[in-house]
Amino acid sequence: MADCIFCKIINNEIPSRKVYEDDDILAFLDLTQVTPGHTLVIPKKHVADIFELDEVLAATVASKIPTIAKAIKHSNPAIKGMNIINNNGTLAYQSVFHSHIHILPRYDEQDDFSIHFGDHSENYTPEELDSIALTIKNKLEGY
Ligand code: ZN
């Protein structure tokens, strides 16, 4: 896609610090470096988000994540953990609309990355949860 910053990185129209590349995917340092070693893994084919990603391309991208994650971890003995996240849509903090997976090495509780999982389980009856699960299950049967 002509005006996509990640497609320009793939095509070497914009410089990047690449750490892995093959025919299908590219991994490079995120400019923001939320934590040291923060890396993005992207498919070379332009797809905006998870909703445009098919199973084959998703599997291709996902298959390299463990190897890249291990290399990042072994690159720095200070890395104590790792978050791997994929944001979809502006509300979900996606800012570049070429699907990408963030690999975020974690160093300590003050390393400027946080994620909050609120527990709202008390707000639902078992019947409401059954209904939510059944609705999603029925949608899956359409794919
Ligand atoms: Zn793109």
Using square roots of five times the C-alpha gyration tensor eigenvalues, list the equivalent-ellipsoid semi-axes of the chain in whole Å, biggest first.
30, 22, 14
Please list, in order along the stretch 92-106, the HN-Hα scalar couplings obtained from phi with the Karplus expression 6.51 cos²θ - 1.76 cosθ + 1.60 (θ = phi - 60°), rounded to whole Hz, x for Gly and Pro.
8, 6, 6, 10, 10, 8, 10, 3, 8, 10, 8, 10, 10, x, 10
How far is helix 55-75 tilted, in degrees, relative to the longest principal axis of the Cα atoms in the chain, given as a value from 0 to 90 rounded to the nearest 10?
60
Using only Cα atoms, tell me the angle between helix 126-140 and the longest principal axis of the chain; keep it within 0 to 90° and round to the nearest 10.
50
Lysine pairs within the stretch 5-117, Cα separation less than 18 Å, 8 or more sequence positions apart or different chains
12
Of all accessible surface on the stretch 5-117 at a 1.4 Å probe, what whole percent is carbon and sulfur?
57
Given the rule -39500 (n - 2.57) for each run of at least 4 DSSP H residues, summed and divided by the residues of the chain, what is its mean residue ellipticity at 222 nm, to the nearest 500 deg cm²/dmol?
-9500 deg cm²/dmol
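The values are calculated or read from the model by the stated rules, or taken from the named source; none is laboratory data. These figures come from a predicted structure and were not determined experimentally. Just so you know, the surface numbers come from the protein's heavy atoms only, side chains and all, with ligands and any DNA or RNA stripped out. Shrake-Rupley method; radii C 1.70, N 1.55, O 1.52, S 1.80 Å.
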